[in-house]
Amino acid sequence: MVHFKRALQDIRSHRFLNALTVLTIATAILLFGAFSLFFINISDLMNAWKQGIRVMVYLQPDLPESKRTQLQQRIASMNAVGEVRFISAEQALQRLREQMKRQRSLLDDLKTNPLPDAFEIRTSDAARSAKAIEALASDLETLESVTEVEYGQKWLGRFSGIFQLFRATGYGLGGLFFVAAVFIVANTTRLVLYSRQEEIGIMRLVGATDGFIRAPFYFQGLIQGAVGGLLGLSALWVLYIFAATQVRHGFTVGAIDVRFLPLSAVVAILGCSMLVGWLGSFLCLRQFLKEA
Amino acid sequence: MSPDPGASEALIRLFHVHKRYAAKQALSDLTLEIRENEFVFITGPSGAGKTTLLKLLYLGETLSAGQVIIDGMNLARISRNRIPQLRRQFGIIFQDYKLIASKTVYENIALVLEAAGEKPRWLQKKVNSVLRAVGMEDRNASYPPSLSGGEQQRVAVARAIVGQPKIIVADEPTGSLDEESAGVIMTLLKKFHSTGGTLLVATHDMELIRRNDARVIHLDRGRLQPAPPL
C-alpha cells in the first residue's frame, strides 16, 4: 500500500513524462487492437463464406442407378464429406428455371436437357479450409463415372492465402509495437530516474533496499500500462462504432455483422498493456540500479 | 573523553585501511577502534580524509585495502543485499543536509522508517516524536527549500535519529550554520549520545571541539596524527 501511494505521488509529480508514456502505450494498444479487430471480423466473414461452400460432382450421362448408389456411398464415406445429395438432371433444370424466372423463355426452347446428373456435396466441419476442399476435389476427380468436379469460390483459396499473410504481418507488427512500447516506457522511466538520481542516492543512504526503490516504479509501470490500455481500447471502441455504422450502411459485407473484440481479447490486451508498463520499468531499473 | 580499554566492546574497528582515488591517496594505513557510546571528533585540515573515513564506515565508498568491521560485520565481505541493513545502523548527517526537495519535512523523515518496513501506525508516532524533539513539528508539511539552513539541519538530525541507529556520523554538521543554530544541532547530537548512541563528528572547527568533552581523532594527509593541543 505504501509503495502504491508512493507510485501515485510520483505520477503526480512527473505528470508530463507519465502522460507521454501513457499516450505511447495507448497508441500501441490502439494500433494492435485495430489489427485484432480487423482479423476477428475477417475471420468471421471467411468462416461464413466457407459454411456456404458446395462441391458439385457431375456424372456421366445414363449412369445406372446401382452404380450411382455405390458412388454416392463411396463419396459419403470420405472424411472431408459432410453430406451428399443426388440432384438429377431434371431437378437441376427445374432449379435453373426457378433461378432464371425472367429468362425462362430461353429454357423453354431447349429440346433436350443439357444438364448432367450430379451430386451436391457439403464439406464436413473439419474440412472447411481451402486446402482440404482442393484435396477433396482432386480425390473426387479420380473417381470412375465422374466427368467434372466444380467448387465455386475457388478464389477463397487465394483470399485465404492473402489473409494468412496479413495475419502473419499483423502478428509481426503486434510484436514490434510491443517491443517499441516497452522501450519507450523504459526510456521515460529512465528520464524519471535521472531526474531523481540524487533522491535515489539519499534513499540508499538511509537504508532503502533496491526492492524498496523499485516497488513504486513497478506500480507506476502497471498503472501506466492499465491507463494506456484503457485509453487505447476506448479509442478503438469509438473507431469501431464509427466503422460498424459505415459498414452496416454499405453493401460489400452483406449479412455479416461487424463485432467488437470479445471480452477475453479485451482482458488479454489490457493484461499485455500492463505487462508492457511493468516490463519497461523492470528493464530500465535493472540497468539503472546496477550502474548507480 | 579518551577511550577506556575496560569499557564496552569496540563497535567500529579499522585495520590498516587504505583508500585511494584515481590520483590521490585519501587514507593511508589507518588502524583505530571506536567503542559503543563514544563521542568522537574527527578533525584535520581540508583534504585530510575526514569525509572519506566517515564514508567508508557506511559504505558510501569502498575500501582500497584493509578491513573495516562495524558491530561484527566485515565490510570487505559484506554482500550487496546486506548494505541496507548496515546503513540502518547509521544516522548520517551531511553538511549540505541532503534532504529530498520534492518531499515534505514529514515525508523526508518517514522515508527512513518506510525503508525499514515500519508499521504505519508506529511510523506516524515516531516521526511526530522526533519532529517535536528537534522543534520542527509546526513545519512538518513544509518543503526543505522553504526552510533556513539551521531548520534543514534540524530536519536532517531528525531523519538521522528517527530509525534509532547505533551510530550517528555527522560530516561538518555545523559548518554552514550560524552560532545559535550550530548550538541547537550540537545539543541534539549530544542528546543522542547521552541516550547510549555512538557519535562521530567530522569538523575542522577547533572551537566546537574545545567546547565539548570528546575523543579527538586527528588526520593529516590521510594518516592518523597526534591531536594538536586545544
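Laboratory data are not the source of any read-out in this text; all were calculated from the coordinates shown. None of the values given here were measured: they were computed from a predicted structure. Virtual Cβ from ideal backbone geometry, glycine too; neighbours counted across all protein chains shown.
The trypsin sites (Lys or Arg not before Pro) of the range B:139-186 include none that meets both criteria, a DSSP state outside H, G, I, E and B (loop) and at most 16 other C-beta atoms within 10 angstrom of the site's C-beta. Placing unit charges on each Cβ (+1 for Lys and Arg, -1 for Asp and Glu) gives the protein assembly as shown a dipole about its Cα centre, and among A:Ser264, B:Gly117, B:Phe15 the Cα reaching farthest toward its positive end belongs to B:Phe15. Bridging of A:Lys111 to aspartates and glutamates at a Cα separation below 15 Å is possible for A:Glu90, once same-chain residues fewer than 8 apart are set aside.
A Förster radius of 45 Å combined with the Cβ-Cβ distance from A:Ser145 to A:Arg167 puts the calculated FRET efficiency at roughly 0.65. Grab the other residues whose beta carbon is less than 15 angstrom from that of A:Thr188, score K and R as +1, D and E as -1, and report the net. Combined, the nearby Lys, Arg, Asp and Glu give +2. In this rough spin-label picture, where each label sits 7 Å from Cα along the Cβ direction, the A:Leu63-A:Asp108 distance is 3.3 nm. Using a cutoff of 8 angstrom between alpha carbon atoms and counting only pairs six or more residues apart, the relative contact order for the range A:58-156 works out to 40 percent. Estimated from helical segments only, the mean residue ellipticity of chain A at 222 nm is -24500 deg cm²/dmol, where each DSSP H run of four or more residues counts as -39500 (n - 2.57).
Gaussian network model of chain B, Cα springs within a sub-10 Å range: biggest mean-square fluctuation belongs to which of B:Ile109, B:Ile83, B:Ile161? Greatest mean-square fluctuation among the candidates belongs to B:Ile83.
Please say if the range B:77-178 is rounded, prolate or oblate, where rounded means a/c under 1.5 for a ≥ b ≥ c the square roots of the C-alpha gyration tensor eigenvalues, and otherwise the choice is prolate for a/b larger than b/c and oblate otherwise? It is oblate, given that a/c is not under 1.5 and a/b is not larger than b/c. Computed from point charges on the beta carbon alone (+1 for Lys and Arg, -1 for Asp and Glu), the dipole magnitude for the range A:54-151 about its Cα centre is near 360 Debye.
Segment A:Glu120..A:Gln287, full-extension length gain: 53.5 nm, with 0.36 nm per residue of separation and the alpha-carbon distance subtracted. For B:Lys190, the lysines whose Cα falls under 18 Å of its own Cα, not counting residues fewer than eight places away in the same chain, are B:Lys166. Computed from the Cβ-Cβ distance with R0 of 22 Å, the FRET efficiency linking A:Val2 to A:Tyr194 stands at 0.35.
Springs between Cα atoms under 10 Å define the GNM used for chain A, and in it the highest mean-square fluctuation of A:Ile200, A:Ile40, A:Ile53 occurs at A:Ile200. Please return the longest range in chain A lying between exposed loop sites, taking trypsin sites (Lys or Arg not before Pro), DSSP loop only, at most 10 other beta-carbon atoms within 10 Å, and leaving the sites out. That would be A:112-292. Each of A:Thr245 and B:Asp220 was given a label point 7 Å from its Cα along the Cα-to-Cβ line. The distance between the two points is 8.9 nm.
Estimated from the Cβ-Cβ distance and a Förster radius of 25 angstrom, the FRET efficiency linking A:Phe183 and A:Gln9 is about 0.45.
Ranking A:Leu140, A:Pro64, A:Thr123 by how far each Cα lies toward the positive end of the dipole of the range A:54-151 (charges on Cβ) leaves A:Thr123 at the top.
Note on chain B: with a GNM built from Cα contacts shorter than 10 Å, the maximum mean-square fluctuation among B:Leu99, B:Leu147, B:Leu188 falls on B:Leu147.
Below 8 Å, C-alpha to C-alpha, sequence gap of six or more: please give me the relative contact order for chain A in percent. 32 percent.
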